[in-house]
Structures are given as C-alpha cells and as structure tokens.
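What follows draws every value from the coordinates through simple rules; no lab data is involved. Every value quoted in this text rests on a predicted model; they were computed, and no experiment measured them. A quick note on method: Cβ atoms are made from the backbone with ideal geometry, for glycine too, and the neighbour counts reach across all protein chains shown.
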Amino acid sequence: DQYTANKLGSKKERTLAMIKPDAVTKVGDIIQMIYDAGLIVTKAKMTKLSWKQAGDFYMEHQSKSFFNNLVQFVTSGPVVVMELMGDEAVSVWRKVLGPTDSGAARKDAPASLRARFGTDGTKNAGHGSDSLASAARELELFFPSTTGHSPSNTAQYSYCTCC
Ligand code: IDP
C-alpha cells in the first residue's frame, strides 16, 4: 500500500505551484496537465499577492535587474497557488512548466505549460519550486503549518509522512 511504499523509499514529494496572473483563466487546462503528469492537487487557493508577499516569495532574485518587473507582474492580478503531491513532484512539475522563457519553451518544449500559456521571459504563466528546500519554504508562505496530524504539518520535509 501507499504507506508501505513510502517507508520503502518511494519519493512522494510536495511542491508549490503558482499559476501567475496571465494564466489564471487557464486554470482548468492547467489542472488537467497536472493530473496527466501523475501529480495530484492537495491544496489550492486563489489570492492576490501584496508587494511585500511577492518580494518575500522572490527574495533570491532581489538583486536581479528584472526583480521590479517580476514583482509588478505577479501582483498585477490574482494568482492560484497549489500544493502538488506525487513521485518526484518538484522535478515533474518543473518539466510540465517548461523553460523559464516562454519563447524558448515554444521552440524547445511546445507542449509545456509556458509554451501554451506564457507570453515572454517574465510573463511565463507559472511557477514551480526548484528544490525540496524551496518547496518547504514556499509552501509554508502560502499554507502555514498547523498543529495536528496532516500533510501541512510536515512542511520541513516537503513530502508527506502520514499518507
Ligand atoms: P523559474 O521560474 O523558471 O524557476 P527563475 O530564474 O527562478 O525561473 O526566475 C523567476 C521568475 O523571474 C521567472 O519565472 C520569470 O517570471 C522571471 N525571470 C527570470 N529570468 C528573467 C529574465 O531574464 N528577464 C525577465 N524576467 C525573468
């Protein structure tokens, strides 16, 4: 069963997915892509980021030339944030997204989410955590841990220890 499989080392991971403002109207197609990739949606909400939330979310890019444009873009409308779960969820979801630049995605990965729904290098439809550590941090920003036996109480592990 799943419990035994996890204890035997299957890498059931959790990751943070964000549908950026330019792709929120495509949420139906995007959820279909998630399930087609073998992942499941375990949490989801629509929210509008404040400048501060977006700056915290992208803190590793604070010194980059595109930082202000990026924060401006992700605060320009609602986003949908989701916890995804599945085998190797971090890398699988980034594969579904495709290359960062939507133009490059259309060339190199035409079936990817960014190829289908992104516009350019900034407006690129989606976000996915780039590591288990980032996933833990980003999930905690949007779905803070609560007490009790639940997947949201395992943020520090980035995988589900109870199911
Ligand atoms: P990722 O989202 O594919 O992990 P990152 O390098 O972490 O890519 O960049 C975060 C976001 O910043 C990208 O998704 C994109 O929206 C924006 N971005 C990244 N590189 C550039 C750039 O060179 N110009 C403009 N925007 C960029």
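Can you flag which of 48/123; 11/123; 20/43; 43/107; 64/123 are past 25 Å Cα-Cα? From the list (48/123; 11/123; 20/43; 43/107; 64/123), the Cα-Cα distance tops 25 Å for 11/123; 43/107. Considering only alpha-carbon pairs that sit under 8 angstrom and 6 or more positions apart, the relative contact order computed for segment 11-142 is 38 percent.
Given segment 11-142, report the % of alpha carbon pairs whose separation exceeds 24 Å.
The share of Cα pairs beyond 24 Å in segment 11-142 comes to 21 percent.
For residue 44, the residues whose amide H sits under 5 Å from its own are 83, ignoring neighbours fewer than 5 places away on the same chain, with H placed 1.01 Å from N. Counting beta carbons within 10 Å around each of 66, 57, 73 and listing the fewest first gives the order 66, 73, 57.
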